[in-house]
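One structure is given here, and the rest of the page talks about it.
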Amino acid sequence: MPVSAIGALSRRRLVWLAVFLACLVPLASLVWRFLADDLGSDPVETLIRSTGDWGIRFIVGGLMITPLRQMGWNAPARFRRMIGLYAFFYVCLHLTTYLVVDQGLDLPSIVGDILKRPYITVGMLAFVLLVPLAATSTAAMVRRLGARTWMMLHRLVYPIGVLAVIHYYLLVKADVTWPVIYGAILAFGLGWRLKEKLRRRPRTLRTGAVRP
Amino acid sequence: MLIGKPSDIKPSEITPRDLYLNRRGLLAGAGALGLGAAFPAAAATLTYAKSPLSTTGEALTPLKDVTTYNNYYEFGTDKADPAKHAGKLKTDPWTVKIDGEVAKPADYALEDLLKGIALEERIYRLRCVEGWSMVIPWVGFSLSEVIKRAEPTSKAKFVEFTTVAEKSQMWGLSLPYLDWPYREGLRMDEAMHPLTILAVGLYGETLPNQNGAPLRLVVPWKYGFKYAKSIVRIRFTETQPATAWNTANPEEYGFYSNVNPAVDHPRWSQARERRIGEFSRRPTLMFNGYADQVSSLYFGMDLKKYY
């Protein structure tokens with residue numbers, strides 16, 4: 001790229017591009033390992049687990065952006081939408097691998113799984129809730145819905161995070177280390193929000209009290 | 001007993017012998033260069049006869065998958081952990097205690113236990129409760145040979161197998177997920193069944209540690225977790241022994257744990273399985289395809305209740 005072109009790209013845009021590309025590294029790594037026949041003895045399992053891991057990392061990580069900002073670290077805040085959409089992206093890959101590769105689109109078997117296997121029921125519910133958030137991620141949708149409604153709708157990400165952690169916790173056989181770690185981070189993120197909400201409430205009441 | 005059922009595997013699907021041998025050559029080469037931590041001890045070649053009880057017509061799972069995709073929680077809960085960490089386990093010398101309801105309790109050095117026993121190759125399907133499967137050419141002998149030698153008393157109704165638990169050599173023993181040492185058990189008639197073997201090798205060589213060296217149980221019509229590894233004790237009991245996974249989670253893992261596509265695990269379906277090396281799932285067979293040989297053991301039993 002010529003020097004002038006780099007100059008034309010602001011630092012801000014470069015950082016955005018770097019973050020955007022960094023979020024694609026897990027996918028690139030999976031594609032690379034697939035082509036190199038390096039996905040282990042059960043490649044389908046590796047693909048499902050890995051895309052699921054990244055889905056939950058983006059969901060739980062995304063829920064940490066607001067607490068981090070309130071603690072004084074503002075930088076990640078402008079990537080909220082990107083992180084959220086990447087969560088949806090990896091969850092879609094996760095679900096597609098399960099539906100198409102693992103189950104071979106065997107509908108009775110898939111429906112049976114959704115109805116009978118609690119971890120799949122919970123995971124599918126999390127996905128269904130994630131769809132409207134992805135669909136309303138554009139600025140135009142924020143305007144159309146109105147900021148208030150949009151914010152209300154996007155609070156769905158809290159139950160989605162909880163469902164995602166439960167989904168993971170229910171599926172492991174014995175070693176619950178990672179589900180517990182994600183659960184702890186999520187609990188911190190949600191707990192922080194609750195704390196902030198409670199901290200702000202008395203102030204609102206006070207200002208309300210001095211009104212004539 | 002019906003042996004050697006026709007299979008639905010096309011000859012073209014079977015890994016050619018020279019191909020898997022070549023893979024072994026590569027691995028052996030890597031081991032010689034000190035590259036393969038998974039193969040620290042030189043695997044000794046075993047002398048054995050082919051067995052008519054082998055499952056025929058199925059593609060063998062490549063040695064690399066058999067030895068790197070393992071559940072052996074004493075070495076960690078990841079499937080790749082055992083191959084990484086099992087090299088620390090010392091399997092020589094090895095003593096097996098045989099006790100309980102027997103006329104001849106004894107502590108056997110492994111060599112003595114194997115004395116006078118002719119090894120056989122037994123190719124069996126292995127079905128894991130997690131929904132994957134392999135086809136493994138074990139080398140071993142009928143468990144019944146050891147049982148007969150111990151002369152169980154009339155009180156011996158069950159056999160309990162205990163896995164080694166050496167904390168300094170098995171870091172996973174510090175994990176709280178199972179009540180160590182790992183224990184498994186069989187009913188006496190299951191233990192005496194001709195298909196039930198003690199394996200000392202696979203693919204013609206001594207067992208790699210991650211596969212349960214030097215002595216492991218193989219019961220091909222049951223889920224893989226029943227195959228107690230690195231056995232240090234065989235005890236004959238009058239009552240049903242407590243087993244590791246059943247103790248940890250009785251709703252999910254029964255004492256019998258026969259492969260049964262009609263009885264789902266509470267959290268996942270058992271109707272289908274993925275054969276390692278294949279992409280889509282295939283139907284799981286009743287008793288893992290050994291129904292003709294073993295279903296009479298469970299005549300009149302409600303297999304939904306005794307899962």
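The values are calculated or read from the model by the stated rules, or taken from the named source; none is laboratory data. For clarity, every value in this text was computed on a predicted model and none was experimentally measured. For neighbour counting, all protein chains shown are included, and Cβ atoms are generated from backbone atoms with ideal geometry for every residue, glycine included.
Observations
- Identity of the residue in the stretch A:148-175, modelled with pLDDT of 95 or more and among the small types (Gly, Ala, Ser), that ends up farthest from A:LEU186 (Cα to Cα): A:ALA164
- Residues being more than 14 Å from every other protein chain (Cβ to nearest Cβ) and outside any helix (DSSP H, G or I) - total across the stretch A:60-114: 6
- Here B:SER280 clears all of (1) surrounded by fewer than 18 Cβ atoms within 10 Å (Cβ to Cβ); (2) more than 14 Å from chain A (Cβ to nearest Cβ) except the condition numbered (2).
- For the stretch A:69-84, filtered to residues that are among the aliphatic types (A, V, I, L, M) and surrounded by fewer than 16 Cβ atoms within 10 Å (Cβ to Cβ), the residue that is nearest to the chain's Cα centre (by Cα) is A:ALA77.
- Tabulated pairs, the stretch A:37-53, first within 11 Å of chain B (Cβ to nearest Cβ), second outside any helix (DSSP H, G or I) and polar (S, T, N, Q), C-beta under 9 angstrom, 6+ apart or interchain: A:SER41/B:THR61; A:VAL44/B:SER280
- Applying the set (1) within 13 Å of another protein chain (Cβ to nearest Cβ); (2) surrounded by fewer than 19 Cβ atoms within 10 Å (Cβ to Cβ); (3) of a type in the set (Asp, Glu) to B:GLU273 leaves exactly one unmet item: (2).
- Residue match in the stretch B:182-192 (condition: modelled with pLDDT of 95 or more, in a strand (DSSP E or B) and surrounded by fewer than 17 Cβ atoms within 10 Å (Cβ to Cβ)): yes
- Exactly one residue among B:THR67, B:THR91, B:THR61 is β-branched (Val, Ile, Thr) and out of contact with any helix residue (DSSP H, G or I) (no Cβ under 7 Å at 6 or more places or on another chain), and that residue is B:THR61.
- Of the helices (runs of 4 or more DSSP H) lying entirely inside the stretch B:46-150, those carrying at least 1 residues that are at pLDDT 95 or above and more than 14 Å from chain A (Cβ to nearest Cβ) are B:81-85, B:110-114, B:143-150.
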